[in-house]
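Only one structure is covered here, and it is reproduced in the block below.
The values are calculated or read from the model by the stated rules, or taken from the named source; none is laboratory data. Nothing here was measured: the structure is a model prediction, and the numbers come from that model. We place every Cβ from the backbone using ideal geometry, glycine too, and count neighbours over all the protein chains shown. These accessible areas exclude ligands, DNA and RNA; they are computed on the full protein's heavy atoms, side chains included. Shrake-Rupley method; radii C 1.70, N 1.55, O 1.52, S 1.80 Å.
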Amino acid sequence: MKSGLEENDLDSSPGQSLTGSFRKINFGIPQSELDSSPGHSINGSFRKSSSVVSSRSMSGFSTSSKLTSNSRRMLKALKDYARSLINLELFTQNIEDWVLQKTHSDSDNVEYSFKSPFSIDEMRELDLALEGVLFQQLYRMPCSAYASDGMKEDEYFAVEDFLCAIVSGLWRTFWRKSGPLPYFISCPRHPGSKFYTVEKAISRGSLEDLCGLAIMSKTESDGHVRWDQVLEYTLFRSDILSGCELKLSSSSICEAIFYGVHILIARRMSKFNTSDSDSVFVLVFDSKYGGVVKLGGDIGRLDVNSPNPYLSVSEWIKHHADVEVSSVDQVWNKLGNANWGDLGTLQILLATFYSMIQWNGPPRKSISTLASDHSFRIWKRRAECHLMENQNALVPFQQKHQGEIVEFDQGERPSFDKFSSHLKLRQGEILLLDDQQQGHKSFQIKDSLVGGSYFLYTAISLDYPAGLLTLYVGAHPSRLEPSWEDMSLWYQVQRQTKVLNILKQHGVASKHLPEIVASGRILHSGPCKKQNHGDRCDHPWCGTPILVASPVGEPLSFVVARDGAFSAEEATRCCRDCLMALRSATVANVQHGDICPENIVRVIDPQLQGGRNRFIYVPTSWGRAVLEDRDSPSINLRFSSSHALQHGKLCPSSDAESLIYLLFFICGGTMQQQESIESALQWREESWAKRLIQQKLGDVSALLKAFADYVDSLCGTPYPVDYDIWLNRLSRAMEGSTDRGKMIEQAAITLNLEDVAESSGTSGAGSLSISEKQALVGSFL
């Protein structure tokens, strides 16, 4: 570490963060950007965002007492004091004995030893809350003893990417799932120096001069990055252990306290509305281990007029400050991956979480709220295991409400279907449905639909036996609580019923959308012992939810497997019909969220029967539809949009992007089965970048190729799809217009190309140049 001001600090630029997305991190930042911007967001969003103002609010932490006078004299005294307190060696000499005494004291004697900033219960609760949360660290920590000479660069990149993954994951989990992040990463050379990016320090050959990395908060400042913006500070040293013990060395603790003092002083001198907390977390790393030091105290009690600043600050630390030191544990494994669920990393996550609360106030979702879902997952797993054991046991058993297990004779029941989680129906069986709005309705099972699904059938209404209907059977409630029912069938029946009713309430009616015929629960024959309307008795059919809808059709996956690729005319018709359905659903603010060949059916249109074009296409399975921001779409590695795979949410053009992949599939495009989200995103990126999708659709129809280019320009952006223009073009093509996709109205390009950023990782990195925009327009013409 170097101390003291250096001449080349005067021309150093403000720090910038990594602009890496979920797929990759781009270090090719132009020099002009480095010198003009205070730092990009680390969320990898599709466009550069301006500085985000963090909402300041009081947290549950202690707040520092304000200086009795904020006069210029006092601020100047603090500033001069900070400038004089720059020698780390002198600072260490004054407090190292005290630190050694604290670290070697009996851990049971709280008064004379450092206590940990976190309890084991806090970390256990955070671990449960973060189940299923993806922290994506792309750069690995080089741990090999035979690493190259550039290992130092790789280590800094790994730490920077590790911090980016932490703040992004925590912000998206607890605060906001979308929008730019209010943080970025930057590196100083010493207290009071300007900030650099790792890339700029490498280009100048001054990487060894960096003293750490800081998570910075964006403010409405003049573009200069200041020390009072430091949310959390990170030290990276070659070794942080105290000998062979798993605890921080005294020199590591002293250095962490040194930078913590400077951050607290900078916050006190700030002219801006920064953190109100009088504590700061400092993370301490080497290439294997990590720990946390927390420094808190009222800087107002620091003697800034002392002739010996090192003596006065040591007295303040010993008598007025609160220093807490965590244990040390492994952060990176031998492959360089972060151990996200282990103790060392959980301490880092918890320190960063508390730091974010200091600056942004309490999160929208608390740790305890998310951790409470863990018990539900355990109950659901136990329920699934209970059902599996029940189905496969040689001697079935029934668990009664009192908890005893009763053995019974197989002869008491003709089959074991009662004890399975799904109700299986046979051809010819008649179901009596209790519909709360229409009363009792009777339906006769005709057959299971294509694919042999045992919960999806064709049926006829005994009141109107002319037409076939689709009958969905939900999960049998068994003896379990309703929350333990099979979730896939819950989406297929109960949630799809809700979505279709919402469309109906908004007056959305179209032959390209399914329509509810009846919904409710099965009424079985014989006596029913249930006490109330919503209860269930012991009969195997009692209470099973049913949805009856129209129309009936063949899934496109079955059609393609049987008949091969679609013709240009049928592919265009499929595109038009699906767009009609999606446009109708937007009237009720509904997005489908699960466009794939299994969920699009080809239906014989009775109005066109006997004609040349007698098919229509209808999107079904609306159970995973997105009605509000908190809803999550279905994740399909082959057909989900890039935005859905990255963020678990839909953007306005996500359904249209999935429709493009569907068209690519039915037109004969090769889509290999993907094994992970990363491989699925890589396939999308390469396919769009090499224009493989447009080329394949172009072989079928120039109009479909133009539509693919249009959707590519919208993917990942907040711009909605202009359905009317494309429906007009597709309808004219279907009517046999002479242009048939060779031209497109200028009105079709209604979005401002200046505002079009790269499509969710599909069109390459960076914004479009003028020549690229002209080429994009040319592809439409």
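One table, with the values for the structure above:
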| read-out | value |
| --- | --- |
| Set LYS446/LYS511; LYS334/LYS649; LYS424/LYS498 screened for pairs whose C-alpha atoms are more than 31 Å apart | LYS334/LYS649 |
| Heavy-atom accessible area per residue - region 186-262, 1.4 Å, Å² | 28 |
| Förster radius 56 Å - calculated FRET efficiency between ASP563 and ASP629 (Cβ-Cβ, nearest 0.05) | 0.90 |
| Rounded to whole Hz, the Karplus (6.51, -1.76, 1.60) HN-Hα couplings of region 224-236, x for glycine and proline | 8, 8, 10, 5, 6, 8, 6, 7, 7, 10, 10, 9, 10 |
| Residue pairs, from the table LYS218/LYS288; LYS152/LYS288; LYS200/LYS271; LYS115/LYS152, whose Cα atoms sit over 22 Å apart | LYS218/LYS288; LYS200/LYS271; LYS115/LYS152 |
| Relative contact order (percent, whole number), region 259-340, Cα cutoff 8 Å, 6+ residue spacing | 27 |
| Under-5 Å amide H pairs with GLN591, H placed in peptide plane, nonlocal only | VAL626 |
| Nitroxide proxy distance, nm - points 7 Å out along Cα→Cβ at SER510 and THR586 | 1.0 |
| Euclidean distance between Cα centres, region 276-329 to region 190-207, Å | 24 |
| Rounded to the nearest 10 Å², the accessible area of LYS152 at probe 1.4 Å | 60 |
| SER567 accessible area, 1.4 Å probe, all protein chains in place, Å² to nearest 10 | 60 |
| With all protein chains modelled, accessible area of TYR289 [1.4 Å, Å²] | 60 |
| Under 5 Å, built H, 5+ apart or other chain: amide partners of ASP435 | HIS440, LYS441 |
| Dipole of region 170-284 [Lys/Arg +1, Asp/Glu -1 at C-beta], most positive-end residue of ILE263, TRP175, PRO191 | TRP175 |
| Three principal axis lengths of region 246-352 [C-alpha, angstrom, descending] | 50, 31, 18 |
| 5 Å-binned pair-distance histogram of region 199-307 (Cα, whole percent) | 2, 11, 19, 19, 18, 15, 10, 4, 1, 0 |
| By average C-beta atoms within 10 angstrom, highest first, the peptides 587-594, 688-695 | 587-594, 688-695 |
| Phi to ³J(HN,Hα) by Karplus 6.51 cos²θ - 1.76 cosθ + 1.60 over region 115-120, Hz, x for Gly, Pro | 8, 7, x, 10, 8, 5 |
